[in-house]
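This report concerns only the one structure given below.
The values are calculated or read from the model by the stated rules, or taken from the named source; none is laboratory data. All values reported here derive from a predicted model rather than from experimental measurement. Cβ atoms come from the backbone with ideal geometry, glycine included; neighbour counts cover every protein chain shown. Calculation scope for accessible area: heavy atoms of the full protein, side chains included, ligands and nucleic acids excluded. Shrake-Rupley method; radii C 1.70, N 1.55, O 1.52, S 1.80 Å.
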Amino acid sequence: MTETLAAPALDGASDLRVAMQDLAERLPEPLAPLAEIAYNYRWSWMPEGQGVFAAIDPERWEWINHNPIRLLQETSTAALRRAAANEPLLHRAQRVLEGIRADLARPALAGRATPHNPVAFLCAEFAVHRSLPIYAGGLGALAGDILKEASDLGLCMIGVGLFYRQGYFQQRMDRSGYQHEYWFPLDPDRVPAALVTNSSGEPVVVEVPLRGRGVLVQIWRIDVGRVPLYLLDAHRPENDPIDSWITSRLYVTDRPTRLAQYALLGIGSMRALEAMGIDPCVVHLNEGHAALAPLEIARRRMAQGADKQAAYADGRERTVFTTHTPVGAGNEGYDTSEIGAVLDDFPREIGLDFEQFLQLGRTHPDNPHEPFVMTPLGIKMSRAANGVSRRHGEVARQMWQPLFPERPVDTVPVGYVTNGVHVPTWISPRMRGLLDRYLGDDWLLQAADPETWKGVDDIPDEELWSVRNELRADFTSYARDRTIANRLARGDPDWYVEAAERGFRPDRLTIGFARRLAGYKRIYLLTLDPSRITTLLGNDSQPVQIVLAGKAHPNDEEGKRSAQGLFAFKDAPHVADRVTFLDNYSLATAGHMVSGCDVWVNLPRPPLEASGTSGMKAAVNGGLNLSVLDGWWAEAYDGSNGWALPGDVAYDHAVQDGRDAAALYDLVEHEVMPLFYQRDERGIPTAWLQRVRASLRTNGPRFSATRMMRNYIDNVYQLGVTI
Ligand SMILES: *Cc1c(COP(=O)(O)O)cnc(C)c1O
């Protein structure tokens, strides 16, 4: 009965089908195809995808954050009836559905990875779509892009993460710029998820012993094209409420709970896959959170009779590890008592005494004062490790060299795969339409090939400029509306709200800066020299407007203070109608910003930006990067495709900040503004557009997720296939 290419028996596919049929039954019959589309996020990266939902009830679609399940559940009967009689809409839906079905029916990539033995991609967060808020920032955005690109390439991959019942926090800034956080419940029945059940219709449940109790977890499945994403959920009636809370919030602030999350992600994920009949050929630990997974593989081998050495070798042989940041908060340490209290018997079950176990999480195993950190564990328990840009590879080799005391730094076995972005997700429909005309029909399939992008040189100035103008106009109108709503909600005075109404014009040079408000991202450089920023904003012949956004981690007081520092300039001249901070940075905000901004600024303190990906998203939309030569930009900048600030490592931070802020103002004032406003007789900034073309041509192929996934498949996963 077993056939290797058949799907595993308990993989949740039939549960998703049942959920979809249940939804279809509640709709007027002609709308049944929409229920099928809604249960696979594949629609979200098809050009016609979101239009078929938006057309049913455009206002509700915005209001419910583009959530197709809620749309179909909550739209009034009258509106559904109207949609059911809308022939063009039904035709479009049919086309989208056929596109999805054809995509799912393509043969899989050859090689070792199969539905029974896929690459399992483990991550604490996934930014698949704005309607599924289980992500915080760049790590999640990258994870979502990897699943989508794997689907496009036909790679047999599955994602494994946690189903956070309250997702990540929503942000509201008060009038002083202080961040307030609140959480919404994330109802699994209101997203395209289905609980994985067994042949008797009972949820598949696995147990993970934590804190002296057996914690039960169930499994949700969400489809991202051809890639299933499995999310573990401790919200079971049998569990103690303390244990149900483990999967409450992403990066929950309570430390023992956070450690328990990582244990579920590492140990629980392997048990869940086993229960579903899935035996991954490669386990990709995307950041250290899931680093207990290879130890769980070893435990199972020993339980099956393997000797300890062979069992550990097998765990290591299957595991690859990607480190995503040199920043301390991303390489968090736990002390002995915390580890003992949460993991209780696990070390003994894997044949180690407690001290031996602790040594695995230390850089210097014999130093009893060193905390237990997941990153050294991940590096020790994997057969391959990598950073996420060329420069980050160097930084990571230096940082983790003590793990390999006999090796010189440059031979430390930590390589790099530079991040990339899923182009169909991040390119705006307008830019995609333009590139479709000049790069050839199938250009997205060859997005990693530099030849593909040569066609950008053939795009006439008028067309390129007109698309950039449209994108900026869409964005400034969005930014204006959001600004007015944010200012009203913050209780700003009338004149301040009205300034937003007058400001944010479609023809002004628009600069964007949006990212997590972590200290090393140095958002405060923007206002470090108030007199210069005032001069810059006061230039009426070359007007500039600045749009900002970003969340600080709820515990990160330094990050929160950096936003307040910006808000202290609220009342400075020209700020009210030319500078705005948009609350609640998310995939939705990011999509608008990276397509509409002319210049995308990044000011990390080198060498702390492992990669950065938002600038790549801006680049594929024809935005220009102005960034510190750190992370991806250190290998992307070539003198013609954007602007750069020095990337050297300085020990006097105050001196470095002063120098970098001055360099930033100089560049903006003397190069960026004049170039943008230097127009020919047609009103077109031809020299600016030359830079835009250079940026598209050089960054497009190198920082696409297609190139990144090829690197992972060829160099890291080693699946016996090259693409
Ligand atoms: C792309 C993205 C990020 C990552 O941006 P960086 O350049 O790494 O700071 C963070 N958050 C969201 C919502 C994104 O879309």
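Name the single residue, out of those in region 681-710 being among the aliphatic types (A, V, I, L, M), touching a helix residue (DSSP H, G or I) at 6+ places or on another chain (Cβ under 6 Å) and open to solvent by less than 30 Å² (accessible area, probe 1.4 Å), that is farthest from Leu153 (Cα to Cα).
We begin by selecting, within region 681-710, every residue among the aliphatic types (A, V, I, L, M); these are 684, 687, 689, 692, 694, 696, 705, 708-709.
Now restrict to residues that are touching a helix residue (DSSP H, G or I) at 6+ places or on another chain (Cβ under 6 Å): 684, 687, 689, 696, 705, 709.
Cutting the leftovers down to open to solvent by less than 30 Å² (accessible area, probe 1.4 Å) gives us 684, 689, 696, 705, 709.
On the way: Ile684: 39, Leu689: 32, Leu696: 22, Ala705: 10, Met709: 9 Å.
Per the criteria, the residue is Ile684.
Here is a yes/no grid of residues against (1) within 27 Å of Ala329 (Cβ to Cβ); (2) free of Cβ contacts under 8 Å to residues at least 60 places away in the same chain; (3) under 21 Å from the mean Cα position of the chain (by Cα):
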position	(1), (2), (3)
Val579	no, yes, no
Glu609	yes, no, yes
Gly615	yes, yes, yes
Gln656	yes, yes, no
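Tell me, please, whether a residue that is within 13 Å of the ligand (Cβ to nearest atom) and basic (Lys, Arg) can be found in region 612-621.
Yes, some residue in region 612-621 is within 13 Å of the ligand (Cβ to nearest atom) and basic (Lys, Arg).
For Glu62, indicate whether it is open to solvent by 10 Å² or more (accessible area, probe 1.4 Å), more than 16 Å from the ligand (Cβ to nearest atom), within 26 Å of the chain's Cα centre (by Cα) and farther than 21 Å from Asp223 by Cα.
For Glu62, the condition - open to solvent by 10 Å² or more (accessible area, probe 1.4 Å), more than 16 Å from the ligand (Cβ to nearest atom), within 26 Å of the chain's Cα centre (by Cα) and farther than 21 Å from Asp223 by Cα - is met.
If we scan region 525-544, do we find a residue that is open to solvent by less than 30 Å² (accessible area, probe 1.4 Å), part of a strand (DSSP E or B) and closer than 18 Å to Pro573 by Cα?
yes
Could you tell me whether any residue of region 649-657 is crowded, with 19+ Cβ neighbours inside 10 Å and at pLDDT 95 or above?
no
Scan region 453-465 and tell me whether some residue there is in contact with a Pro (Cβ under 8 Å, 6 or more places away or on another chain) and surrounded by 14 or more Cβ atoms within 10 Å (Cβ to Cβ).
Checked against the condition, which is being in contact with a Pro (Cβ under 8 Å, 6 or more places away or on another chain) and surrounded by 14 or more Cβ atoms within 10 Å (Cβ to Cβ), region 453-465 yields at least one hit.
Quick one: which of Glu287, Glu207 is open to solvent by less than 20 Å² (accessible area, probe 1.4 Å), touching a residue at least 60 places away in the same chain (Cβ under 8 Å), over 23 Å from Pro115 (Cβ atoms) and acidic (Asp, Glu)? If you could, list the steps in order and put the result at the bottom.
Details: Glu207 fails: open to solvent by less than 20 Å² (accessible area, probe 1.4 Å).
Sole residue among the options that is open to solvent by less than 20 Å² (accessible area, probe 1.4 Å), touching a residue at least 60 places away in the same chain (Cβ under 8 Å), over 23 Å from Pro115 (Cβ atoms) and acidic (Asp, Glu): Glu287.
Restricting region 658-699 to residues that are assigned to a helix (DSSP H, G or I) and among the small types (Gly, Ala, Ser), which is nearest to the chain's Cα centre (by Cα)?
Ranking the candidates gives Ser695 first.
If I filter region 473-520 down to residues being modelled with pLDDT under 95 and within 15 Å of the ligand (Cβ to nearest atom), which single residue comes out as most open to solvent (accessible area, probe 1.4 Å)?
Residue satisfying both the conditions and the ranking: Arg516.
Across region 550-593, what is the number of residues that are more than 16 Å from the ligand (Cβ to nearest atom) and within 17 Å of Leu528 (Cβ to Cβ)?
12
Quick test of your reading of the structure: His180 fulfils all but one of (1) more than 16 Å from the ligand (Cβ to nearest atom); (2) touching a residue at least 60 places away in the same chain (Cβ under 8 Å); (3) farther than 23 Å from Ile278 by Cβ. Name the failing condition by number.
Single failed check for His180: (2).
Can you list the strands (runs of 3 or more DSSP E) found entirely within region 86-175 that contain at least 1 residues being within 14 Å of the ligand (Cβ to nearest atom), in contact (Cβ under 8 Å) with a residue 40 or more places away in the chain and open to solvent by 30 Å² or more (accessible area, probe 1.4 Å)? Walk me through how you get there before you give the answer.
On the way: elements: 119-122, 157-162, 170-173.
Output list reads 170-173.
Within region 256-279, track down each residue that is in contact with a strand residue (DSSP E or B) (Cβ under 6 Å, 6 or more places away or on another chain) and either without any contact (Cβ under 8 Å) to a residue 24 or more places away in the chain or open to solvent by 10 Å² or more (accessible area, probe 1.4 Å) (or both).
Listed by number, the residues that qualify are Arg271, Ala275.
Take region 521-531 and flag every residue that is away from the ligand (no atom under 15 Å from the Cβ) and farther than 23 Å from Pro543 by Cβ.
Of everything in region 521-531, just one residue is away from the ligand (no atom under 15 Å from the Cβ) and farther than 23 Å from Pro543 by Cβ, namely Tyr524.
Look through Leu445, Leu471, Leu464, Leu435 and report the one residue that is more than 24 Å from the chain's Cα centre (by Cα), assigned to a helix (DSSP H, G or I) and within 30 Å of Ala610 (Cβ to Cβ). Walk me through it before giving the result.
Numbers: Leu445 fails: more than 24 Å from the chain's Cα centre (by Cα); Leu471 fails: more than 24 Å from the chain's Cα centre (by Cα); Leu464 fails: within 30 Å of Ala610 (Cβ to Cβ).
Exactly one of Leu445, Leu471, Leu464, Leu435 is more than 24 Å from the chain's Cα centre (by Cα), assigned to a helix (DSSP H, G or I) and within 30 Å of Ala610 (Cβ to Cβ), namely Leu435.
Out of Ala136, Ala110, Ala143, Ala85, I need the residue that is more than 27 Å from the chain's Cα centre (by Cα), farther than 24 Å from Leu71 by Cβ and of a type in the set (A, V, I, L, M, F, W, C). Which one?
On inspection, the qualifying residue turns out to be Ala110.
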